[in-house]
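Accompanying notes for the structure given below.
The values are calculated or read from the model by the stated rules, or taken from the named source; none is laboratory data. Nothing here was measured: the structure is a model prediction, and the numbers come from that model. Reconstructed Cβ throughout: ideal geometry from the backbone, glycine too, with neighbour counts over all protein chains shown.
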């Protein structure tokens, strides 16, 4: 049975994606920050699909030590029960902030969770993905357009703007996917980015305040329900089809920023490797 890891899966888009994929017969390893929410998510899925195969893992992926810990737990599960194979990794966990906040490593929190967490988790699970071979899916955003990576100030600690930080992190998502495809297509791995569109979730109300919380409370009313974008994740996990594109919206390819080049992807890879203390080039020989 094919196994899929989904981060940020205790609510919103992640939970709806898990629900759909469980109905399609996948084994699900869902990751959430709060154990009570993870339990509720699992119970919800089992209530409509009693035969669903689902396990949950609790971690604050904003902190790199937590990413490493949970990746080791997931790897042990995969080795014990899934022949060491991972069919898909959905890096969906993300956040929005109203002000400059940092992780234990001193990294700006939106950049740390929205990009570096998935970058490090994918690295740790790459041997299992190569063995499948599997797919890596990032949750992106249309907001990645119209912005460039601030290479000389990537944490944006000078003149911090929370919206700029969010947009940059979403550009990093698609640059990461581009970099993975450049490096690992020959291994059978495919990386994608989903643009979920405007969705009515709580992402803009979690640990935010002031103008960000107010604006999101207004905007989300016009968003679709999370089951709408969840269908695109399921489409990209289809066993009978391996889509060739990079960026998808409502199950169709979509144009992305001209900033998404191999040169920029390579530059982000090198920077992210330094920030995580890893080197992707060594993974295939592990």
Under 7 Å between Cβ atoms, which residue pairs at least 6 apart in sequence (or on different chains) link something in segment 237-253 that is on the phi > 0 side of the Ramachandran plot with a partner that is surrounded by 11 or more Cβ atoms within 10 Å (Cβ to Cβ)?
250/232; 251/231; 251/232; 251/235
Determine which single condition residue 197 fails, assuming it passes every other condition in (1) under 24 Å from residue 245 (Cβ atoms); (2) crowded, with 17+ Cβ neighbours inside 10 Å.
(2)
Return only the number of the condition from (1) modelled with pLDDT of 95 or more; (2) in contact with a strand residue (DSSP E or B) (Cβ under 7 Å, 6 or more places away or on another chain) that residue 100 does not satisfy.
(1)
Does residue 67 satisfy being touching a helix residue (DSSP H, G or I) at 6+ places or on another chain (Cβ under 9 Å) and farther than 19 Å from residue 126 by Cα?
no
Within segment 141-162, tally of residues that are surrounded by fewer than 17 Cβ atoms within 10 Å (Cβ to Cβ), in contact with a helix residue (DSSP H, G or I) (Cβ under 7 Å, 6 or more places away or on another chain) and under 18 Å from residue 98 (Cα atoms):
1
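Limited to segment 28-48, what total is found for residues that are touching a helix residue (DSSP H, G or I) at 6+ places or on another chain (Cβ under 8 Å) and modelled with pLDDT of 95 or more?
At the first step, the residues of segment 28-48 found to be touching a helix residue (DSSP H, G or I) at 6+ places or on another chain (Cβ under 8 Å) are 28-32, 41, 44-45, 48.
Restricting the remaining residues to those that are modelled with pLDDT of 95 or more gives 28-32, 45.
Result for segment 28-48: 6.
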Within segment 166-183, which residues are touching a helix residue (DSSP H, G or I) at 6+ places or on another chain (Cβ under 8 Å) and surrounded by fewer than 22 Cβ atoms within 10 Å (Cβ to Cβ)?
167, 182, 183
Output yes when any residue across segment 151-166 is touching a residue at least 12 places away in the same chain (Cβ under 8 Å) and closer than 26 Å to residue 251 by Cα, and no when none is.
yes
Qualifying residue in segment 197-208 (condition: within 18 Å of residue 163 (Cβ to Cβ), modelled with pLDDT under 60 and over 20 Å from the mean Cα position of the chain (by Cα))
yes
Among the numbered criteria (1) more than 21 Å from residue 278 (Cα to Cα); (2) part of a loop (DSSP other than H, G, I, E, B); (3) more than 15 Å from the chain's Cα centre (by Cα), which one does residue 155 miss?
(1)
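Just for strands (runs of 3 or more DSSP E) wholly inside segment 1-65: which have at least 2 residues that are under 21 Å from the mean Cα position of the chain (by Cα), surrounded by 22 or more Cβ atoms within 10 Å (Cβ to Cβ) and touching a residue at least 40 places away in the same chain (Cβ under 8 Å)? Give the derivation first.
Working: elements: 3-7, 27-32, 54-58.
Per the criteria, 3-7, 27-32.
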Kindly evaluate residue 113 against the criterion of being touching a residue at least 60 places away in the same chain (Cβ under 8 Å) and not in a loop (DSSP other than H, G, I, E, B).
no
